[in-house]
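Since the structure comes first, as structure tokens, the remarks are kept for the end.
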Ligand code: FAD
């Protein structure tokens with residue numbers, strides 16, 4: 001059989017968020033004339049699709065698809081997100097904000113955080129929020145898109161979205177089908193592999209229809225029908241560090257305009273999310289089943305809603321970790337089939353997007369060069385592992401010792417990669433971005449500081465600047481940040497007047 005030449009066909013198994021994201025992006029970039037794209041999904045099985053929060057890189061995914069952002073927000077009943085408010089994470093009664101965008105600006109080679117730590121140690125710095133336009137706007141319930149160029153804090157606004165996952169999948173489906181993706185309804189009952197390389201030749205639906213393709217994308221959810229069940233890719237379990245394995249989710253009525261941020265509130269054995277949409281609020285309690293019963297989780301969630309529950313609570317079980325290989329032979333796994341980490345920093349959709357971007361970067365021919373596969377797996381592993389470390393930081397660096405759950409997490413041994421970052425931060429307050437990892441210096445600083453880690457010293461670079469100059473600089477940043485935030489419209493007005501939503 002001739003295995004040279006470009007791909008002629010792609011089959012996507014699964015029509016959840018991951019499947020339709022892949023279908024929309026691949027059809028947009030590759031077209032469907034030369035490469036036929038088919039998506040199989042089973043309505044009977046359904047999707048996970050709980051309320052979704054995202055992070056700023058989703059803007060580049062929307063741009064790749066050529067989406068009109070206003071239309072996207074209207075169609076998904078979305079709202080804007082400037083960051084995440086963490087309540088009770090360091091200790092009950094404490095809160096901090098993890099903003100998008102940046103804190104202030106660097107002074108040439110001297111990073112913002114170097115100046116801030118030095119001033120803080122001299123008793124002259126304000127809390128971090130004072131230097132972030134996203135934190136200031138979120139506190140005032142305001143939102144606007146960044147104004148490009150110039151030195152104004154308004155040019156540093158970073159944002160993402162909250163949206164209704166079901167509406168999002170439907171919206172992407174419309175785009176994908178308009179671009180020529182063919183949808184097949186049915187349950188995959190059999191996966192046929194070829195000799196001698198074990199590549200997938202076809203999937204067979206319960207009704208007997210056979211779908212053959214050169215490349216298969218496994219978006220079948222937690223089960224990993226192709227990557228796991230058919231191809232045997234193992235699962236690296238991270239529950240020793242991230243023990244949460246269940247969530248109960250329930251939508252509730254809005255009791256005010258949507259806030260431009262996600263809220264995460266620490267609870268006895270996990271944490272509760274609050275994701276505001278135009279028409280309702282998504283809520284969920286993510287917890288460790290070894291520490292809390294489902295009934296207790298449901299009762300806690302229902303007792304902590306701001307508006308009336310709009311449905312029965314839904315129970316979701318998951319396992320934290322990643323596939324040992326994301327790409328095996330002619331199959332690439334995306335979404336829950338590739339692994340899962342709790343939505344504490346809203347990273348699942350980003351991982352789907354990152355997988356799609358890398359797949360396009362390493363688009364195979366029918367010869368499937370193994371070096372591409374190895375590179376893809378290496379890069380995706382790094383992507384998963386930095387997110388893992390960032391999540392662990394939230395649970396580990398805490399003063400909470402009110403339950404066995406928190407006592408265990410705060411005293412556990414963390415991955416060496418994270419331990420090293422913590423050591424460096426404690427010594428000098430220095431933070432860094434490894435290679436082109438997802439989380440920015442702003443993110444690491446917000447959570448290191450918010451979770452109570454204290455730097456003993458400061459980056460020696462800060463001492464290259466007179467203390468008074470650094471103080472003047474940071475005072476000006478705080479001043480213009482506060483003024484700029486006051487000029488922003490309210491989030492509700494922005495949605496109704498500029499987007500035409502919320503009606
Ligand atoms: P699914 O939604 O499970 O879809 C699987 C698809 O495969 C379905 O269409 C199903 O019909 C199909 N399928 C399965 N088996 C077969 C078969 N045999 N034959 C045919 N079709 C089949 N992500 C974020 O980015 N932000 C968040 O705030 C967020 N919150 C979350 C909260 C929780 C509690 C959970 C569990 C997840 C959350 N996520 C979040 C993750 C997000 O929901 C998923 O990453 C995303 O929905 C992608 O899911 P998926 O498409 O991979 O799988």
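The values are calculated or read from the model by the stated rules, or taken from the named source; none is laboratory data. Because the structure is a prediction, the values reported are computed rather than measured. Note: ideal-geometry Cβ built from the backbone for every residue, glycine included; neighbour counts use all protein chains shown.
Only one of the numbered conditions (1) surrounded by fewer than 21 Cβ atoms within 10 Å (Cβ to Cβ); (2) under 30 Å from residue 301 (Cβ atoms); (3) away from the ligand (no atom under 16 Å from the Cβ) is not met by residue 266, and that is (1). Out of curiosity, is residue 104 away from the ligand (no atom under 14 Å from the Cβ), more than 20 Å from the chain's Cα centre (by Cα), crowded, with 22+ Cβ neighbours inside 10 Å and farther than 23 Å from residue 202 by Cα? In short, yes. Can you tell me which residue among 442, 381 is within 24 Å of residue 199 (Cβ to Cβ) and assigned to a helix (DSSP H, G or I)? The match here is 381.
Regarding region 246-253, can at least one residue be identified that is more than 21 Å from residue 337 (Cα to Cα), touching a strand residue (DSSP E or B) at 6+ places or on another chain (Cβ under 9 Å) and more than 15 Å from the ligand (Cβ to nearest atom)? Yes.
Being modelled with pLDDT of 95 or more, in contact with a strand residue (DSSP E or B) (Cβ under 8 Å, 6 or more places away or on another chain) and within 24 Å of residue 29 (Cβ to Cβ) narrows it down to one of 329, 307, so name that one.
Working: 307 fails: within 24 Å of residue 29 (Cβ to Cβ).
Matching residue, one of 329, 307: 329.
Can you report the number of residues in region 278-305 which are over 17 Å from residue 252 (Cα atoms) and either in contact (Cβ under 8 Å) with a residue 60 or more places away in the chain or surrounded by 18 or more Cβ atoms within 10 Å (Cβ to Cβ) (or both)? If you could, list the steps in order and put the result at the bottom.
In the first step, residues of region 278-305 are kept if they are over 17 Å from residue 252 (Cα atoms); the result is 287-296.
Still in the list and also either in contact (Cβ under 8 Å) with a residue 60 or more places away in the chain or surrounded by 18 or more Cβ atoms within 10 Å (Cβ to Cβ) (or both): 287-288, 291-292.
Residues flagged as over 17 Å from residue 252 (Cα atoms) and either in contact (Cβ under 8 Å) with a residue 60 or more places away in the chain or surrounded by 18 or more Cβ atoms within 10 Å (Cβ to Cβ) (or both) within region 278-305 amount to 4.
With a cut-off of at least 1 residues that are within 21 Å of the chain's Cα centre (by Cα) and touching a residue at least 24 places away in the same chain (Cβ under 8 Å), name the strands (runs of 3 or more DSSP E) lying wholly within region 1-85. Show your work before the answer.
Working: elements: 9-13, 36-41, 79-81.
Correct list: 79-81.
Conditions (1) in a loop (DSSP other than H, G, I, E, B); (2) over 21 Å from the mean Cα position of the chain (by Cα); (3) within 10 Å of the ligand (Cβ to nearest atom); (4) under 19 Å from residue 49 (Cβ atoms), marked per residue:
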position: 285; (1), (2), (3), (4): no, no, yes, yes
position: 290; (1), (2), (3), (4): yes, yes, no, no
position: 299; (1), (2), (3), (4): no, yes, no, no
position: 325; (1), (2), (3), (4): yes, no, no, no
position: 357; (1), (2), (3), (4): no, no, no, no
position: 363; (1), (2), (3), (4): yes, yes, no, no
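Being within 13 Å of the ligand (Cβ to nearest atom), surrounded by 14 or more Cβ atoms within 10 Å (Cβ to Cβ) and closer than 20 Å to residue 18 by Cβ is the requirement here; does residue 203 meet it? Against the criterion (within 13 Å of the ligand (Cβ to nearest atom), surrounded by 14 or more Cβ atoms within 10 Å (Cβ to Cβ) and closer than 20 Å to residue 18 by Cβ), residue 203 qualifies. In the condition set (1) within 16 Å of the ligand (Cβ to nearest atom); (2) part of a helix (DSSP H, G or I), residue 405 is compliant with all but (1).
Picking from residues in region 17-46 that are within 14 Å of the ligand (Cβ to nearest atom) and out of contact with any strand residue (DSSP E or B) (no Cβ under 8 Å at 6 or more places or on another chain), the one that is nearest to residue 191 (Cα to Cα) is 45. Taking the criterion of being within 9 Å of the ligand (Cβ to nearest atom) and touching a strand residue (DSSP E or B) at 6+ places or on another chain (Cβ under 7 Å), the residues of region 334-343 that qualify are 334, 337, 338, 342, 343. Remark: pairs (first residue in region 253-270, touching a residue at least 12 places away in the same chain (Cβ under 8 Å); second residue in a loop (DSSP other than H, G, I, E, B) and crowded, with 23+ Cβ neighbours inside 10 Å; Cβ separation under 6 Å; 6+ apart in sequence or on different chains) = 260/82; 260/143; 261/82; 266/89; 270/244.
When the residues of region 158-180 are filtered to those that are part of a loop (DSSP other than H, G, I, E, B) and within 18 Å of the chain's Cα centre (by Cα), the one that is modelled with the lowest pLDDT is 164. Only one entry in 243, 260 is closer than 24 Å to residue 99 by Cα, crowded, with 17+ Cβ neighbours inside 10 Å and within 16 Å of the ligand (Cβ to nearest atom), namely 260. Report, by residue number, each residue of region 185-200 that is within 13 Å of the ligand (Cβ to nearest atom) and crowded, with 19+ Cβ neighbours inside 10 Å. Selection gives 188, 191. Look at (1) within 9 Å of the ligand (Cβ to nearest atom); (2) within 22 Å of residue 141 (Cβ to Cβ) and you find that residue 69 fails only one, number (1). When residues in region 157-183 are screened for being over 30 Å from residue 251 (Cα atoms), within 15 Å of the ligand (Cβ to nearest atom) and out of contact with any helix residue (DSSP H, G or I) (no Cβ under 7 Å at 6 or more places or on another chain), 1 of them pass.
Checking each residue in region 43-61 for being modelled with pLDDT of 95 or more and under 20 Å from residue 12 (Cβ atoms) picks out 58, 61.
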